[in-house]
Amino acid sequence: MPAIRPSLLLPIFFAILSYYTISHISTHTATSQLRNRNIALLIAHPDDEAMFFAPTIQSITSPSLNNTLRIICFSTGDADGLGSTRKHELLRSASLLGVPSVNSTVLVHDHPDLQDGMYHSWSKDLVASLLSYSLHQFENGRNDENEDANPQDEVEGDGIPVDTIITFDSYGVSGHRNHISLRTAAQWYIKVYPNKPSISLYTLTSVPLYRKYLGVIDAFISAVIADKATLYAGLDGPVVQEVKYDSGKAPESLMYLSGWEGYRLAQKAMTEGHKSQMIWFRWGWIALSRYMVFNDLKLDTIGYQEY
C-alpha cells in the first residue's frame, strides 16, 4: 500500500471533517437564503475582511447567488502611519477573495474621530451618518451634503439600495471597541434613518478564546449544536445546504464553511493582500483561527443598546 504524503494529510482532514459537519445538519434544501441580495459589509480596518469575514465573502459573491456586495471600511488603520498602504492592500485582498470591481465596490473612510484603537469607542451618530452617506453614494452617486464624509475614493451609484448589512456582534470577536461600535451604529442607523427597502442586519458570532484557534474543528462543533443554520461548504466547489424557513422571512442564522481551497485563499488574502500586517502573531491567526475557515452569522433583533 503506497504511503500518503504528509502534505496531503491536512487537505484530507479538511475534506473529511467538512463532509462530516455537513452530514450533522438535517432537513436541508439546495437553495440559498442570501440570494439576489444587495449586501453591505461593514469593517473597522483594512484586513478585517480577510481575518474575520473571508468565508462569508467567498460564499456570498458566488455568481450563482446573484448578490451584490459592497465593503465599507470606516478607517484606514493608520495607527502606524500606513493608512495609504493599507487602503490599497484592502483593495488587493478584496479582489483575491472574489469581490468584483473593487475600485467601485469598496469605500474607505478617513475621519479624524474614527481612528484605530482597541479601547476607543466610535460615536454611533458619526458612524451612522457615514453609513448613510456611503449607502447613498453606492446607490445614487456622490452626495455632497454630508460634512462628516471624507472617503478615500468616490464611487459611482448603481441604483441598487442595500437590503442586508453584515458586521461584527456586540463583542467584536476580540472585544475591540472599534468593531463593537459598528454593530451599535448599524442598529442605530436602521432604527433612526428611513430605509427603502427594509434592512436585515447580520452579525458575526464571537466565541471564547479557546474556540478561536480550533479552525475547522470549531466549525464542526458549531454545526452540531446549531438548531437552525444555513451551511455553505466548499470541498471541490461550493456546496449549498440550508434549513427551510417561512417564505419571505430572513434566516435566523447563517453558516459559511470554506473547504481547503477557500481556506488557502483566505490566507493568501492576508499574506499577499495585507503584507504590511504580517507580523509574527498574525501567522498564528491565519493558520489556526476558526474565522479563516468558518463564519456563523446571526440575524440581529435591532434591540439597540448603548455601549
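The values are calculated or read from the model by the stated rules, or taken from the named source; none is laboratory data. Please read all numbers here as calculations on a predicted model, not as lab measurements. When we count neighbours, we look across all protein chains shown, and the Cβ atoms used for this are built from the backbone with ideal geometry, even at glycine.
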**Request:** Out of the residues in the range 252-288 that are surrounded by fewer than 21 Cβ atoms within 10 Å (Cβ to Cβ) and part of a loop (DSSP other than H, G, I, E, B), state the one that is modelled with the lowest pLDDT.
**Result:** Glu252
**Message:** Give me the residue from the range 93-132 that is in contact (Cβ under 8 Å) with a residue 60 or more places away in the chain and of a type in the set (D, E, K, R) and, out of that set, surrounded by the fewest Cβ atoms within 10 Å (Cβ to Cβ).
**Reply:** Asp125
**Asked** What are the residues in the range 181-204 that are crowded, with 16+ Cβ neighbours inside 10 Å and either among the aromatic types (Phe, Trp, Tyr) or within 22 Å of Trp260 (Cα to Cα) (or both), if any?
**Response** Trp188, Tyr189, Tyr202, Leu204
**Residues satisfying the stated conditions in the range 35-59, i.e. in a helix (DSSP H, G or I) and more than 10 Å from the chain's Cα centre (by Cα)** = Ser59
**Message:** Show the residue pairs meeting these rules: Cβ distance below 6 Å; 6+ apart or different chains; first residue within the range 66-90 and farther than 11 Å from Leu41 by Cα and touching a residue at least 12 places away in the same chain (Cβ under 8 Å); second residue part of a helix (DSSP H, G or I) and among the basic types (Lys, Arg).
**Reply:** Thr76/Arg86; Thr76/Lys87; Gly77/Arg86
**Test set (1) at pLDDT below 90; (2) in contact with a helix residue (DSSP H, G or I) (Cβ under 6 Å, 6 or more places away or on another chain); (3) at positive phi - Gly98 fails condition number** = (1)
**Prompt:** Among the helices (runs of 4 or more DSSP H) confined wholly to the range 133-238, which include 1 or more residues that are modelled with pLDDT of 95 or more and either among the hydrophobic types (A, V, I, L, M, F, W, C) or touching an Asp or Glu at 6+ places or on another chain (Cβ under 9 Å) (or both)?
**Reply:** 172-175, 177-192
**Message:** List the residue pairs whose Cβ atoms are under 6 Å apart, where the first residue sits in the range 43-57 and is aromatic (Phe, Trp, Tyr), the second is crowded, with 24+ Cβ neighbours inside 10 Å, and the two are 6 or more positions apart or on different chains.
**Reply:** Phe52/Tyr291
**Message:** So in the range 63-85, with the set limited to residues that are among the small types (Gly, Ala, Ser) and surrounded by 18 or more Cβ atoms within 10 Å (Cβ to Cβ), which one is nearest to Trp122 (Cα to Cα)?
**Reply:** Ser75
**Asked** Inside the range 48-88, can you point out the residues that are charged (D, E, K, R) and modelled with pLDDT under 95?
**Response** Asp78, Asp80, Arg86, Lys87
**Request:** Considering only the range 77-114, state which residues are assigned to a loop (DSSP other than H, G, I, E, B) and of a type outside the set (A, V, I, L, M).
**Result:** Gly77, Gly81, Gly98, Pro100, Ser101, Asp110, His111, Pro112, Asp113
